[in-house]
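K.L.:
Got a structure here, written out as structure tokens. Questions coming.
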Amino acid sequence: MSPAYPLASLSSSNLFFSPLPPNHEPPAGKANHGRYMLTIPWSAASGHELAFDPLSGVLQYAVTCFEGMKCYKTDQGDLRLFRPEKNFDRFKRSAARLGLPNKWDNAELVDLLCKLLALEAPLVPTGDGSNLYIRPTLLETSEGYGIKETAFASEALLYVVTTLNLGKGLYASSEAPGKGIRLDACRDYIRAWPGGTGSYKLGANYGTVSVAKKPGFAMSLWLHSHDGEDYLSEAGAMNVWIIKQAADGYLEFITMGLDNGIVLPGITRESLIELLNDHASGKSSVPLPGLPTKLRVVERDISMSEIVTSIEDGSLKGMFGCGTGVVVVQIGEIQYQDKIHKIPHNPLIQILRDTVTGIQRGKIEHPWSHKVPEWDGSGAEKDREEDNVLA
């Protein structure tokens, strides 16, 4: 899906920023947020003018999408991103689903993001589980009231904000028996359905996450039903996996497929699939010590009845979620139909987590780890309104 009009090009060379005064103090309650915001207003008519209408599509019809990314600081003090082009490819896909501009140059957007992160470098924490969380957001600012003749927004705003340590509280949940998170298998709310927008990272998909979560549980395990069965979708905002011993002796790592459009194509999910397949084939340059080579990755539907039966017969060997926020997290219990089902602890889950975070933090050198160039804003300090703004 592409707009019927050309998009103004995105160019990191147009960047300017307003330096903070030396006596800057963050507002009350915002000490954990980044000091700068990258803003990129866009207009079909003039390229980059912004007029925020009270009838704008974002306010009236939730025409907005976003991405979740993280910046890590290595032991040597440099900053790393994890596969940022993958995030921006998915960002484009979500934008196209909403009729928002989606033809930017990913390399230019990565360059702009890196300049924002370079300015925030002093805030980026070190240590396992620590991170600077990044939220690129795109929204329609033109009038979106009623059914329009064209499906495409004529004005939009892309901005990027940051905050500290999203997901850190769940980081240790893969480490020891009894530390896995608790999920409530939710039958009262439905996150997504075939043919809907569940496979896109739209703001409207996440508004019910907190409302649906029951006290005492980390998040909801979303279900969708057909033919009398409850099938897994996602958990909170995570992709979900089970580890199961197959009858032929293989250890299966099973996650829901993407064909029905219910599950978000997660970057961590895709990375785990690649790592596991490479390990099983013997071609991997990234070691997964302790994992058997006799394993297979399976993408298919997973029902709650299969989980319950597999617990009872002993074939279920573990269960975990993955995503940008949590990276990889062990699932310890599921409440389903008012009964608690305990999931076996599996130390292989921590191996997967430590491998992914090792790449993210530069402990394992890998093409997926994108080094952020140093930049101090030299030559970009301006007071006038321009194309791309750090302020």
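The values are calculated or read from the model by the stated rules, or taken from the named source; none is laboratory data. All of these numbers come straight from a predicted model, not from anything done at the bench. Using ideal geometry, Cβ is built from the backbone for each residue, glycine included, and neighbour counts are taken over all protein chains shown.
K.L.:
Tally time: how many residues in segment 330-370 are acidic (Asp, Glu), modelled with pLDDT under 95 and touching a Phe, Trp or Tyr at 6+ places or on another chain (Cβ under 9 Å)?
P.N.:
The number of residues fulfilling the criteria is 0.
K.L.:
With the condition kept exactly as written, say whether any residue in segment 322-329 is in contact with a helix residue (DSSP H, G or I) (Cβ under 8 Å, 6 or more places away or on another chain) and surrounded by fewer than 18 Cβ atoms within 10 Å (Cβ to Cβ).
P.N.:
No, there is no match, as no residue in segment 322-329 is in contact with a helix residue (DSSP H, G or I) (Cβ under 8 Å, 6 or more places away or on another chain) and surrounded by fewer than 18 Cβ atoms within 10 Å (Cβ to Cβ).
K.L.:
Mind listing whichever residues of segment 95-130 are closer than 26 Å to Asn32 by Cβ, touching a strand residue (DSSP E or B) at 6+ places or on another chain (Cβ under 7 Å) and not hydrophobic (A, V, I, L, M, F, W, C)?
P.N.:
The answer is Lys115, Glu120, Pro125, Thr126.
K.L.:
Sticking with this one: Working only within segment 371-390, note down all residues that are modelled with pLDDT of 80 or more and crowded, with 17+ Cβ neighbours inside 10 Å.
P.N.:
Once the filter is applied, which keeps residues that are modelled with pLDDT of 80 or more and crowded, with 17+ Cβ neighbours inside 10 Å, segment 371-390 yields Val372, Trp375.
K.L.:
Looking at Lys70, Lys103, Lys30, Lys86, can you tell me which residue is modelled with pLDDT of 95 or more, surrounded by fewer than 20 Cβ atoms within 10 Å (Cβ to Cβ) and outside the structural domain of Leu272 (by TED's automatic domain parsing)? Give the derivation first.
P.N.:
Values: Lys70 fails: surrounded by fewer than 20 Cβ atoms within 10 Å (Cβ to Cβ); Lys103 fails: modelled with pLDDT of 95 or more; Lys30 fails: modelled with pLDDT of 95 or more.
Only one candidate passes the filter, namely Lys86.
K.L.:
Hey, Val161 hits all of (1) buried (at least 16 other Cβ atoms within 10 Å of the Cβ); (2) assigned to a helix (DSSP H, G or I) but one; which does it fall short on?
P.N.:
Evaluating Val161 over (1) buried (at least 16 other Cβ atoms within 10 Å of the Cβ); (2) assigned to a helix (DSSP H, G or I) leaves (2) as the failure.
K.L.:
Out of all the residues in segment 255-294, which are within 21 Å of the chain's Cα centre (by Cα), assigned to a helix (DSSP H, G or I) and among the hydroxyl-bearing types (Ser, Thr, Tyr)?
P.N.:
Step one: filter segment 255-294 for residues within 21 Å of the chain's Cα centre (by Cα), giving 255-276.
After this cut, where a residue has to be assigned to a helix (DSSP H, G or I) as well, the list is 267-276.
If the condition is that a residue be within 21 Å of the chain's Cα centre (by Cα), assigned to a helix (DSSP H, G or I) and among the hydroxyl-bearing types (Ser, Thr, Tyr), then Thr268, Ser271 are the ones that fit.
Quick grid of which residues meet (1) assigned to a helix (DSSP H, G or I); (2) over 21 Å from Glu175 (Cα atoms):
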position	(1), (2)
Arg296	no, yes
Glu306	yes, yes
Lys317	no, no
Arg353	yes, no
